[in-house]
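A.B. asks: Pasting in a structure now, in structure tokens, and then I'll have a few things to ask.
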Amino acid sequence: MTSIRHVVRTFLSACLRPARLKLAPRYIDWPDIWAKDAAFIDAMAKIEGVTLVPRERCFVLHQLARTLEGSNGDFAEIGVYKGGTAYLTARAAPGKTIHLFDTFEGMPEVDAGIDAHRTGDFADTRYDDVRSFLAPFRERIAFHKGFFPATAAGLEEKTFALVYVDVDIYQSVKDALAFFYPRLVPGGVMLFDDFDSPKCQGVRKAIDEFLADKPERPVVTAYYQAMIIKAAAVS
């Protein structure tokens with residue numbers, strides 16, 4: 001069974017290996033890290049124009065996918081948009097099935113008291129275009145089109161090693177945690193985009209509320225990004 005310490009050590013090692021760097025006392029120079037990772041650079045070239053996620057956050061996702069490919073459980077992404085980060089993950093972990101959740105018609109209903117986005121934002125995408133873009137991985141990708149968590153029906157017995165959450169709004173993050181957290185394998189990771197973003201304050205609020213009575217705490221991995229690593233159950 002993969003330990004939390006092993007996952008963190010392996011992840012940091014994977015991030016630093018391409019540039020043969022050591023952890024600096026104050027910061028890591030992210031561009032120097034990814035500049036020598038040919039697989040990552042090539043993958044980023046393929047998704048140019050089909051993702052809004054900055055390169056440093058994509059690099060973390062890419063390394064986590066590599067690190068967790070050998071773990072038990074599937075991968076999942078909720079908030080697919082045009083499929084850029086799904087492409088990145090599928091390419092980095094060729095042995096994994098990836099479940100993709102999105103309306104493919106824009107944002108669901110938002111809470112104006114918490115969320116800066118509006119209902120229907122990010123509707124500039126088409127389901128058929130995303131399927132076509134991800135066609136090279138069609139045998140390993142399962143699409144779940146519609147409103148989450150209803151679209152997760154039938155997956156209750158699944159376990160997950162990596163879940164990427166890029167949904168921007170409070171209720172969607174809350175729903176993602178409620179479904180995926182209990183199904184994360186020990187050492188499994190949920191990675192959140194827009195963590196602490198002033199435009200997406202519901203993301204941090206949902207995470208903090210959900211984890212209030214749990215042993216995990218968010219680990220900041222990049223600017224406006226954080227992960228939680230599932231602790232082993234206490235016997």
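A.B. asks: Say we look at the range 195-214 and pick out the residues that are part of a loop (DSSP other than H, G, I, E, B) and at pLDDT below 95; which of these is nearest to ALA76 (Cα to Cα)?
C.D. replies: Filtering first and then ranking leaves PHE195.
A.B. asks: Something else now. Which of the numbered conditions does MET227 fail, given that it passes all the others? Conditions: (1) without any contact (Cβ under 8 Å) to a residue 24 or more places away in the chain; (2) within 21 Å of LEU88 (Cβ to Cβ).
C.D. replies: (1)
A.B. asks: I've got another one for you. When you scan the range 156-176, how many residues do you find that are within 24 Å of ARG66 (Cβ to Cβ) and either surrounded by fewer than 22 Cβ atoms within 10 Å (Cβ to Cβ) or at pLDDT 95 or above (or both)?
C.D. replies: Number of matching residues: 9.
A.B. asks: If you go through the range 38-58 one residue at a time, do you hit one that is hydroxyl-bearing (Ser, Thr, Tyr) and modelled with pLDDT of 90 or more?
C.D. replies: Within the range 38-58 (the criterion being hydroxyl-bearing (Ser, Thr, Tyr) and modelled with pLDDT of 90 or more), the answer is yes, since at least one residue qualifies.
A.B. asks: Looking only at the range 185-194, filter to residues that are surrounded by 23 or more Cβ atoms within 10 Å (Cβ to Cβ) and either outside any strand (DSSP E or B) or on the phi < 0 side of the Ramachandran plot (or both); which one of those is modelled with the lowest pLDDT?
C.D. replies: ASP194
A.B. asks: Let me ask you something else. Given the criteria aromatic (Phe, Trp, Tyr), over 22 Å from VAL60 (Cα atoms) and at pLDDT 95 or above, does PHE179 qualify?
C.D. replies: It is true that PHE179 is aromatic (Phe, Trp, Tyr), over 22 Å from VAL60 (Cα atoms) and at pLDDT 95 or above.
A.B. asks: Could you please find all residues in the range 179-216 being among the basic types (Lys, Arg) and in contact with a strand residue (DSSP E or B) (Cβ under 7 Å, 6 or more places away or on another chain)?
C.D. replies: Residue satisfying the conditions is ARG183 alone.
A.B. asks: Further question: Which members of the range 60-110 meet the condition of being buried (at least 19 other Cβ atoms within 10 Å of the Cβ), part of a loop (DSSP other than H, G, I, E, B) and hydroxyl-bearing (Ser, Thr, Tyr)?
C.D. replies: Result: SER71, TYR81, THR103.
The values are calculated or read from the model by the stated rules, or taken from the named source; none is laboratory data. Source: prediction; values computed, not measured. Every residue, glycine as well, gets a Cβ built from its backbone with ideal geometry; the counts of neighbours run over all protein chains shown.
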